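Participant: Before we start, here is the structure in question, set down as structure tokens.
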Amino acid sequence: MSKKRAFITGITGQDGSYLAEFLLSQGYEVFGLVRRTSTLNFERVRHIQEQITLVSGDMLDQTSLTRTLKDIQPDEVYNLAAQSFVQTSWQQPVFTGDVTALGVTRLLDAIMTVNPKIRFYQASSSEMFGKVQEVPQKESTPFYPRSPYGVAKVYGHWITVNYRESYGLHATSGILFNHESPRRGLEFVTRKVTHHAARIKLGLANELRIGNLDSQRDWGFAGDYVKAMWLMLQQDTPDDYVIATGQTNSVERLLDVAFSCVDLNWKNYTVQDERFMRPAEVDLLVGDPSKAGKNLGWEPNVTFEQLIQMMVEADLQHLKAENRP
């Protein structure tokens, strides 16, 4: 029997790298889309680069997406590509919309052209809930996005629902709440905190500048969340699922846990800085993953404390290796 084929956009990102690893462990042939840019960053997939096939293309270019699907003939497509940093979406709102919103339509159209039987996963986001209408948030909670990124994700989510209902595609959206790992980019608050805690411990820095300490998020481990993506595409009927831990922690609690890992008091090193405040804040995001538990048999394995410790330890190791004389 031939191996199943999966195509991942955003394969060089945090989620893409964990998903590629997981699919390889399930016996898939894995293909990933990479943009031709002046700075190619394969750091997150370097350890599996020999086992995957990277294909050149762009979420802004319909022709490249259609041609790629024709060449690969995948069974499953996972759309993880996006301009994924909320802060940047305020500086680049049009670009964010073009990639994060219209990119989804281009990919769905490519599937319609090449093979409507391809199963499609869309990476939706808890940022769609924004100014939350109920706590906790579930699949039926109304969206109220508070950033260009959140707005673009709402478009991507609803166009996926539209193609599913209009054309009978096996198209599913996973509404993922914040999920982190040692592979998280340094611009994200969790990694910024764990990296700075490690730098301060090693004497490489003496302060951390940060925005809103009261902001609360439902943080889980990316390695747990990519399994949920795969489980969704194994179901007979496509549907949308909230993927979350169901627990919330504030940025202040994040600081407390991260600095405790290196036996320091965060209050001695942290400065609140207006530059890191969002124009419109999202105060309390916490998801209800009960539908995913019931229908997919999915639940998170890594606790918030374990996750932050994992990230601090990885940052310590990385910085020690980098600064070895």
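Participant: Does Thr160 satisfy the criteria of being β-branched (Val, Ile, Thr) and closer than 25 Å to Pro289 by Cα?
Facilitator: yes
Participant: Condition test on Val94, is it at pLDDT 95 or above, out of contact with any Gly (no Cβ under 8 Å at 6 or more places or on another chain) and not aromatic (Phe, Trp, Tyr)?
Facilitator: no
Participant: Continuing with this model, one more query. Name the one entry in Phe31, Phe42, Phe7 that is more than 17 Å from Lys227 (Cα to Cα) and surrounded by 21 or more Cβ atoms within 10 Å (Cβ to Cβ).
Facilitator: Matching residue, one of Phe31, Phe42, Phe7: Phe31.
Participant: Quick one: in the stretch 213-260, of everything that is among the polar types (S, T, N, Q), in contact (Cβ under 8 Å) with a residue 24 or more places away in the chain and farther than 25 Å from Leu316 by Cα, which residue is surrounded by the most Cβ atoms within 10 Å (Cβ to Cβ)?
Facilitator: Thr245
Participant: Looking for something modelled with pLDDT under 95, outside any loop (DSSP other than H, G, I, E, B), under 25 Å from Glu134 (Cβ atoms) and under 17 Å from the mean Cα position of the chain (by Cα) - is there at least one such residue anywhere in the stretch 214-225?
Facilitator: Checking the stretch 214-225: at least one residue is modelled with pLDDT under 95, outside any loop (DSSP other than H, G, I, E, B), under 25 Å from Glu134 (Cβ atoms) and under 17 Å from the mean Cα position of the chain (by Cα).
Participant: Still on this structure, please answer the following. Taking the stretch 98-140 on its own, how many of its residues are in contact (Cβ under 8 Å) with a residue 24 or more places away in the chain, closer than 24 Å to Asn178 by Cβ, surrounded by fewer than 24 Cβ atoms within 10 Å (Cβ to Cβ) and of a type in the set (Ser, Thr, Tyr)?
Facilitator: So the count comes out to 0.
Participant: Next question, about the same structure. Any chance the stretch 61-77 includes a residue that's within 22 Å of Ser181 (Cα to Cα) and assigned by TED's automatic domain parsing to the domain that holds Ile159?
Facilitator: Checked against the condition, which is being within 22 Å of Ser181 (Cα to Cα) and assigned by TED's automatic domain parsing to the domain that holds Ile159, the stretch 61-77 yields no hits at all.
Participant: Of these, Leu54, Leu65, Leu102, Leu108, which one is assigned to a strand (DSSP E or B) and among the aliphatic types (A, V, I, L, M)?
Facilitator: Leu54
Participant: Also, I was wondering about something else. Would you pick out the residues in the stretch 148-182 that are crowded, with 24+ Cβ neighbours inside 10 Å and over 16 Å from the mean Cα position of the chain (by Cα)?
Facilitator: Matches in the stretch 148-182: Thr160, Ala171.
Participant: Would you point out the residue of the stretch 13-32, among those that are not in a helix (DSSP H, G or I) and not aliphatic (A, V, I, L, M), that is farthest from Gly185 (Cα to Cα)?
Facilitator: Out of the qualifying residues, it is Gly27.
Participant: Identify all residues within the stretch 65-83 that are surrounded by fewer than 19 Cβ atoms within 10 Å (Cβ to Cβ) and farther than 25 Å from Phe22 by Cα; write none if there are none.
Facilitator: Within the stretch 65-83, Arg67 is the sole residue that qualifies.
Participant: Can you pull out every residue in the stretch 84-97 that is closer than 14 Å to Met59 by Cα, in contact with a helix residue (DSSP H, G or I) (Cβ under 7 Å, 6 or more places away or on another chain) and surrounded by fewer than 22 Cβ atoms within 10 Å (Cβ to Cβ)?
Facilitator: Gly97
The values are calculated or read from the model by the stated rules, or taken from the named source; none is laboratory data. From a predicted model like this one, the values you see are computed outputs, not experimental measurements. So basically every Cβ, Gly included, is an ideal-geometry build from the backbone, and we count neighbours across all protein chains shown.
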